[in-house]
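Step one of this worksheet: look at the structure below.
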Amino acid sequence: MAVTSPPETAPPSEPRPGRHPGRVGNRVFAGLSTGAGVLILVTLAAVAAFLLVQAWPAISASQADLEGVSFFRGSSLLGYLGPLVFGTVLSSVLALIIAVPLSVGIALFITQYAPRRLAQGMGYLIDLLAAIPSVIFGLWGTFWLLPVLDPVFRWLTDTLGFIPLFEGYTAPARNIASASVVLAVMILPIITAVSREVFLQTPPLHTEAALALGSTRWEMIRMAVLPFGRSGVISASMLGLGRALGETMAVLMVLSPGYLFSFYLLQPGQHQSIAANIAAQFPEAHGLATNVLIATGLGLFVITLGVNMLARWIIARRAEFSGAN
């Protein structure tokens, strides 16, 4: 019986000199990516330039001119901007203190404890909560949340009134604490969604190794999941903080306007945020008043940029520290 040798296959044809597969696609993709990055920088610079140019008349205006603005308070532009910055940062930080632990707990429950069907349902609800307009949160806070918080704030004043933070509550609950609760509910889905995705990226070998060594589920989370997702949680918190800093309608609908440097969280008429103040005053502003409001917007732009830069620095430092270890 004759043995037939397998048919010889022709060697693969080599690409012609000067024509490599994928070179055109790589160039196109690299050009698009570079263009997108440059466009972001140009847009950011254009926004900063617009704010600076429009705010300059207010920055360079005399005290007499500023006193002609109907809503102007304070002895100078910085004196007017200072309480607004204080109210903005205070409400956002309080919202972050409330929202971050809840968001991380919900993300851990969805990724580590809940059954798959329940986890999917909760994930859809969290994503749906993130899509609700801010005016809806403002209405919810005004007509439902404030009556619910009223007995809580009364109890805090009666029980812990010796602490200045909880002193002198008077109904209705249109104060910085109520606004912070509304902001916390608004930023909770953002922080939860990002933290959930980060926790899902934990290497299975890390979690399986921790469980194989006899760790409980919480010990596994504490030693494997949380260290891996720490930088992601920080990024998610900064995203939530960015929305809280720039939130307008919900804060305007819940918070009583005030312009004081005050840590009295339960007293109405003590604080106001930059974004809410711009939304309240802009419809009737004209001339120098518009420049004053744009100057406050420039202050909010600087605060937001500083917060994001600080977050990136923290994440980079943690990445360097993890790499060194």
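The values are calculated or read from the model by the stated rules, or taken from the named source; none is laboratory data. Please read all numbers here as calculations on a predicted model, not as lab measurements. So basically every Cβ, Gly included, is an ideal-geometry build from the backbone, and we count neighbours across all protein chains shown. Only protein heavy atoms, including side chains, enter the accessible area calculation; ligands, DNA and RNA are left aside. Shrake-Rupley method; radii C 1.70, N 1.55, O 1.52, S 1.80 Å.
What is the chain's relative contact order, in percent, from Cα pairs under 8 angstrom and six or more apart in sequence?
Working: 382 pairs, mean separation 84.8, N = 325.
Relative contact order for the chain comes out at 26 percent.
Nearest 20 debye, what's the magnitude of the dipole of segment 184-305 about its Cα centre given +1 on Lys and Arg Cβ and -1 on Asp and Glu Cβ?
Working: 5 positive and 5 negative charges, 42 e Å.
The calculated dipole for segment 184-305 is roughly 200 debye.
About its Cα centre, what dipole magnitude does segment 121-276 give when the only charges are +1 on Lys and Arg Cβ and -1 on Asp and Glu Cβ, stated in debye to the nearest 20? Let's see the in-between values first.
On the way: 7 positive and 8 negative charges, 19 e Å.
Around 100 debye, computed over segment 121-276.
In the chain, with Lys and Arg counted as +1 and Asp and Glu as -1 at Cβ, which of these residues, A276, A171, L213, has the Cα nearest the positive end of the dipole, that is, farthest along it?
L213
If the chain between H286 and V53 were fully stretched, how many nm would it gain, using 0.36 nm times the residue separation less the Cα-Cα distance? Walk me through the numbers on the way to the answer.
Numbers: separation 233, 0.36 × 233 = 83.88 nm, distance 1.61 nm.
Contour length minus the Cα-Cα distance gives 82.3 nm.
Apply 1/(1 + (r/R0)^6) to the Cβ-Cβ distance of L102 and L125, taking R0 = 22 Å, and write down the FRET efficiency to the nearest 0.05. Walk me through the numbers before you get to the answer.
Details: r = 14 Å, r/R0 = 0.64.
FRET efficiency, L102 to L125: 0.95.
Quick one: Karplus J couplings for segment 66-73, per residue in order, coefficients 6.51, -1.76, 1.60, θ = phi - 60°, nearest Hz, x for Gly and Pro?
With the stated coefficients, segment 66-73 comes to 5, 5, x, 6, 4, 9, 6, 10 Hz.
Mind jotting down the three principal axis lengths of the chain based on Cα atoms? Whole angstrom, largest first.
109, 55, 39
Given points 7 Å out from each Cα along the Cα-Cβ axis, report the A45 to W155 separation in nanometres with one decimal.
Here the answer is 5.6 nm between the modelled labels.
Just for the Cα atoms in segment 179-305, what are the lengths along the principal axes, largest first, rounded to whole Å?
68, 29, 21
Starting from the Kirkwood Rh over alpha-carbon pairs, what translational D in µm² s⁻¹ does segment 11-168 have by Stokes-Einstein at 4 °C and 1.567 mPa s? Write down the numbers at each step before the final one.
Numbers: Rh = 23.1 Å.
Answer, rounded: 56 µm²/s.
What residue among M186, G287, V152 has its Cα farthest toward the positive end of the dipole of the chain, where the charges are +1 on Lys, Arg and -1 on Asp, Glu, each on the Cβ?
Farthest along the dipole direction, towards plus: M186.
Karplus couplings for segment 231-241 from phi (6.51 cos²θ - 1.76 cosθ + 1.60, θ = phi - 60°), rounded to Hz, Gly and Pro as x?
Along segment 231-241, the couplings run 5, x, 5, 5, 4, 4, 5, 5, 5, x, 5 Hz.
Using unit Cβ charges (K, R positive; D, E negative) and no other charged atoms, how large, in debye to the nearest 20, is the dipole of the chain about its Cα centre? Don't skip to the answer; put the middle values down first.
Details: 17 positive and 14 negative charges, 157 e Å.
Taking the Cα centre of the chain as origin, the dipole is about 760 debye.
Ordering H271, H286 by accessible area with a probe of 1.4 Å, largest first, what comes out? Working shown, then result.
Numbers: H271 5, H286 140 Å².
Largest accessible area first, the list is H286, H271.
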